[in-house]
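Here's the structure, in structure tokens; my notes come after.
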Amino acid sequence: MNSTVTKDADFRRKPEWLKIKLPKGFKTQQVIGLLNEKGLHTICSSGMCPNRAECWGAGTATFMIGGNICTRNCRFCNVTSGKPLPINNQEIEDIVASIKELRLKHVVITSVDRDDLPDCGAGHWAAMIYALHKECPGVTMEVLIPDFKGRTELLDLVISEKPDIISHNLETVRRLTPDVRTFATYDNSLNVLRYLARNGVRTKSGIMLGLGERRDEILQTMDDLLDAGCKIMTIGQYLQPTKNHYKVREYINPDVFREYGEIGKKKGFLHIESAPMVRSSYHAERHIH
């Protein structure tokens, strides 16, 4: 399995397969204009996703609720961390209105962690999902949730509103989790996915490569997800947002990603996206079926 190893100081020197030009189409400008107008946040923009123009053009967008300041400070993530502002209930109406105006076919909802709130933001999540079902019939939905500190009564609030898919990312392999994620643990995330699956939810999770993980650890992570009842997985290349974030240890060759995708299918995943530019919401509309 070939890969391109990078020196720590060379995290910006990406191989050719990671160099893309973001297309500038009408839909892209329309989405950006509407987001600015309503003061909405998307992980597409906050996370500097390389696929945002493609997804917007395909009628899919990922909205981030609960504001854009996270109470956690994970070393891989580009979302601002600090003390969040109070929950703004108006964002639910604004997101619903944006989905209608943009004529989206599929939406992904995610959020920052809100450990500052007694319910970790779960009530706001439930209200968002309820409003989408009521106001946007026919629009399919995936929700990419935080771990809610593993509290099952909070997970139940989301489950009860019946989104099409509930996603929660492991982000990396067990060994690297303490270095990469803040507060979240590998086992707690697995337990969240296991609880969701046991309650009849279609679940999904994703990891990043290039953080220093080994092949055997990646395969073990696949087995752990399947054991937790998770049948949809995404695997993508970690891209270091700034020099202050967790350093890229390796750029993985696309052929290696394809191999992991084939391995995942053989292991039993119903759907797996595995390529350098894959992010957790990439081709999300396909995962519904």
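The values are calculated or read from the model by the stated rules, or taken from the named source; none is laboratory data. Because the structure is predicted, anything quoted here is derived from the model rather than measured. Counting neighbours? That spans all protein chains shown, and the Cβs are built from the backbone with ideal geometry, glycine included.
The table below gives the values:
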{"read-out": "Selection count, segment 122-140, where residues are of a type outside the set (Gly, Ala, Ser) and either on the phi > 0 side of the Ramachandran plot or not in a helix (DSSP H, G or I) (or both)", "value": "4"}
{"read-out": "Test for Asn89: is it over 30 Å from Asn244 (Cβ atoms) and surrounded by fewer than 15 Cβ atoms within 10 Å (Cβ to Cβ)", "value": "yes"}
{"read-out": "Residue count for segment 199-215, restricted to those that are farther than 17 Å from Val278 by Cα and crowded, with 18+ Cβ neighbours inside 10 Å", "value": "5"}
{"read-out": "Failed criterion for Arg175 (all others in (1) surrounded by fewer than 21 Cβ atoms within 10 Å (Cβ to Cβ); (2) in contact with a Cys (Cβ under 8 Å, 6 or more places away or on another chain) hold)", "value": "(2)"}
{"read-out": "Single condition Ala184 does not satisfy, out of (1) of a type in the set (A, V, I, L, M); (2) touching an Asp or Glu at 6+ places or on another chain (Cβ under 7 Å); (3) surrounded by fewer than 16 Cβ atoms within 10 Å (Cβ to Cβ)", "value": "(3)"}
{"read-out": "The one condition in (1) without any contact (Cβ under 8 Å) to a residue 24 or more places away in the chain; (2) closer than 16 Å to Ile109 by Cβ that Thr185 fails to fulfil", "value": "(2)"}
{"read-out": "Per-region count, segment 216-267, residues exposed (fewer than 15 other Cβ atoms within 10 Å of the Cβ), touching a Ser or Thr at 6+ places or on another chain (Cβ under 9 Å) and either under 27 Å from Thr182 (Cα atoms) or of a type in the set (A, V, I, L, M, F, W, C) (or both)", "value": "0"}
{"read-out": "In segment 106-121, residue nearest to Lys162 (Cα to Cα) [restricted to those that are assigned to a loop (DSSP other than H, G, I, E, B) and of a type outside the set (D, E, K, R)]", "value": "Gly121"}
{"read-out": "Enumeration of residues in segment 80-132 that are under 24 Å from Arg181 (Cβ atoms), touching a Gly at 6+ places or on another chain (Cβ under 6 Å) and of a type in the set (A, V, I, L, M)", "value": "Leu85, Val112"}
{"read-out": "Pairs, first more than 29 Å from Thr80 (Cα to Cα) in segment 236-263, second outside any loop (DSSP other than H, G, I, E, B) and of a type in the set (Asp, Glu), C-beta under 8 Å, six or more apart", "value": "Gly261/Glu273"}
{"read-out": "Verdict on Asp164 being without any contact (Cβ under 8 Å) to a residue 12 or more places away in the chain, closer than 25 Å to Gly268 by Cβ and not polar (S, T, N, Q)", "value": "no"}
{"read-out": "Residue within segment 145-160 that is touching a Pro at 6+ places or on another chain (Cβ under 6 Å) and either crowded, with 21+ Cβ neighbours inside 10 Å or at pLDDT below 95 (or both) present", "value": "no"}
{"read-out": "Any hit, segment 266-281, residues being farther than 25 Å from Asp147 by Cα and of a type in the set (Gly, Ala, Ser)", "value": "yes"}
{"read-out": "Condition broken by Thr182, with the remaining ones in (1) farther than 30 Å from Thr140 by Cα; (2) β-branched (Val, Ile, Thr); (3) part of a strand (DSSP E or B) satisfied", "value": "(3)"}
{"read-out": "Subset tally (residues that are touching a strand residue (DSSP E or B) at 6+ places or on another chain (Cβ under 9 Å), free of Cβ contacts under 8 Å to residues at least 60 places away in the same chain and buried (at least 20 other Cβ atoms within 10 Å of the Cβ)) for segment 122-141", "value": "4"}
